[in-house]
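Participant: Sharing a structure here in structure tokens format.
What follows is calculated from the coordinates using simple rules that are stated; it is not laboratory data. Because the structure is predicted, anything quoted here is derived from the model rather than measured. Because the Cβ atoms are built from the backbone with ideal geometry, glycine has one as well, and the counts that use them run over all protein chains shown.
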């Protein structure tokens with residue numbers, strides 16, 4: 001999936017606007033954030049809010065494209081939780097957008113329930 005996204009972004013983006021692509025691949029860990037054992041995770045997300053957020057971030061200066069996928073359902077240890085790509089002109093454009101987008105997705109869009 002990520003390789004396909006990168007290829008699409010490179011093919012569709014203006015060469016003078018594409019200088020970097022950052023990728024996030026979140027994975028279900030065997031321990032929670034507070035160190036407790038986890039056997040699986042239930043995950044849901046607000047589809048409309050994700051699309052609205054991505055659309056808003058794509059309008060930022062220096063951001064060329066954004067792609068995101070979230071694995072909704074009951075996930076086991078080692079399963080992918082989400083994949084996110086942010087592509088743009090310079091580090092100063094892409095890093096802040098990438099960090100803020102991930103925070104919004106994790107804190108406002110995704111609902112996780114870790115199960116021991």
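Participant: Relative to the first principal axis of the alpha-carbon coordinates of the chain, what is the inclination of helix 2-12, with its axis defined by its Cα atoms, in degrees from 0 to 90 and to the nearest 10?
Facilitator: 20
Participant: Just one of (1) 49, 24, 23; (2) 63, 59, 18; (3) 49, 35, 29 is Cα extents along the principal axes in Å calculated from these coordinates, so which is it?
Facilitator: (1)
Participant: Ranked highest first by the average count of other Cβ atoms within 10 Å around their residues, in what order do 35-45, 60-70, 82-92 fall?
Facilitator: 82-92, 60-70, 35-45
Participant: Between residue 31 and residue 92, what length in nm is gained on full extension when 0.36 nm per residue of separation is reduced by their alpha carbon distance?
Facilitator: On the way: separation 61, 0.36 × 61 = 21.96 nm, distance 3.33 nm.
Working it through step by step, the gained length comes to 18.6 nm.
Participant: Separate question: Using a 10 Å cut-off on Cβ atoms, rank the peptides 100-112, 9-21 from the highest mean neighbour count down.
Facilitator: 100-112, 9-21
Participant: I've got another one for you. Suppose each label sits 7 Å from its Cα in the direction of the beta carbon; what would the residue 116-residue 58 distance come out to in nanometres?
Facilitator: 4.3
Participant: Additional query: Could you work out how far helix 91-104 tilts from the main Cα principal axis of the chain, as a 0 to 90 degree angle to the nearest 10?
Facilitator: For 91-104 against the chain, the angle is about 30 degrees.
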